[in-house]
Amino acid sequence: MQSVIGVDNIMADGSNWVEIVLLAMLAAFIGLRLVSVLGKRTGEEPVPRDDFRPGSPELIARPSRNPESAPRVVAKLPEGTDAALAPRLADLAEQDPAFDPQRFVTNARAAYQMVLEAFWSGNLGSMEGLVSEEIQENFATAVEQRDGKRLSNKIAGIDSATITGVDLVGQMAEITVRFVARVTTPESDTPAETADLWTFSRHITSRDPAWLLIATDVEA
């Protein structure tokens, strides 16, 4: 009886070793297959992204456009816009899908009137969010030079607001608008025509859709 039990134990031990060897060979085979598959790049692996830039949660990274996709076309240019600016406006619209040239001009016209009225009245606080800090400081200096006196100028009408320049440097967009307006002054009830060149800027990845006035000039 003892000899039978001893043979059974030897056979059982031999069977266990065979199973262990087979499992080890199977594990090695699977490991080699994984290395051969995972070690290859197919070009479709997920690319690490940084949707939010450190310290600037209001800035978001937009996915780059597929160079093989058809470029976006601006369906309708604002009245008076030089056709040569169409490619630049289309490029801006491609980079910033929320941008619409016609809506931009409409808002720029409203900003033009609001900023001038705030400057004439001396209420510079009402232009916050419409102009850059530098421009607001320039307006404040001008108000101080007139001793804070309120001007009675009024806009009789804005005859035109035309985009004359478009620049896209990196993620900063700048658009220059030529405003032709009629303004009345205390010295004359007859409106005088004025032509101003104002430049607006915006970071195209900003959550804030507002454009800021960064430069003003009077057309000679």
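A Cβ distance below 6 Å, combined with a sequence gap of six or more or placement on separate chains, defines the contacts here; from region 151-169, residues that are within 16 Å of residue 118 (Cα to Cα) reach residues that are in a strand (DSSP E or B) and aliphatic (A, V, I, L, M) in the pairs 153/183; 155/181; 155/183.
Please work out which residue is nearest to residue 165 (Cα to Cα), limiting yourself to region 180-197 and to residues that are surrounded by 14 or more Cβ atoms within 10 Å (Cβ to Cβ) and among the hydroxyl-bearing types (Ser, Thr, Tyr).
Looking only at region 180-197, we keep the residues that are surrounded by 14 or more Cβ atoms within 10 Å (Cβ to Cβ), and these are 180-185, 191, 194-197.
If we keep only those that are among the hydroxyl-bearing types (Ser, Thr, Tyr) too, we end up with 184-185, 194.
Details: 184: 28, 185: 30, 194: 19 Å.
Among those that are surrounded by 14 or more Cβ atoms within 10 Å (Cβ to Cβ) and among the hydroxyl-bearing types (Ser, Thr, Tyr), it is 194.
Tallying residues that are over 22 Å from residue 153 (Cβ atoms) and of a type in the set (Lys, Arg) within region 164-215 yields 2.
Which residues, taken from region 198-220, are of a type outside the set (Val, Ile, Thr) and open to solvent by less than 50 Å² (accessible area, probe 1.4 Å)?
Of the residues in region 198-220, the ones of a type outside the set (Val, Ile, Thr) are 198, 200-203, 206-213, 215, 217, 219-220.
Across region 198-220, the qualifying residues are 198, 200, 201, 202, 203, 206, 210, 211, 213, 215.
The values are calculated or read from the model by the stated rules, or taken from the named source; none is laboratory data. These numbers were taken from a predicted model, which means no experiment stands behind them. In this analysis, Cβ positions are derived from the backbone assuming ideal geometry, glycine residues included, and neighbour counts consider all displayed protein chains. Surface accessibility is based on the protein's heavy atoms, side chains included, excluding ligands, DNA and RNA. Shrake-Rupley method; radii C 1.70, N 1.55, O 1.52, S 1.80 Å.
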